[in-house]
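Bear in mind these aren't lab numbers, they're just calculated from the coordinates by the rules spelled out. Only a predicted model underlies this, so the values are computations on that prediction, with no experimental measurement involved. Every residue, glycine as well, gets a Cβ built from its backbone with ideal geometry; the counts of neighbours run over all protein chains shown.
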Amino acid sequence: MGAIFASLLQNLIKYVAFILIAWAGIVCGKKYRDHKDAVSGKTDKNTTK
């Protein structure tokens, strides 16, 4: 019974770690894109019409 809970806890920790990595990637990508747009002089993000 203890092995089941240990496995569940291990999988939960992995799940949370992957969620945090994905969130960090999204945040860093947005900051990088905003910085890249600011450097190139693009202030209007809605360029498709």
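Grab the other residues whose beta carbon is less than 14 angstrom from that of residue 25, score K and R as +1, D and E as -1, and report the net. Before the final figure, lay out the partial values.
Working: positive: 30, 31, 33; negative: none.
Charge balance in the 14 Å sphere: +3.
Please list 3J(HN,Hα) in residue order for region 11-18, calculated via the Karplus relation 6.51 cos²θ - 1.76 cosθ + 1.60 where θ = phi - 60°; whole Hz, with x for glycine and proline.
5, 5, 5, 4, 4, 5, 5, 5
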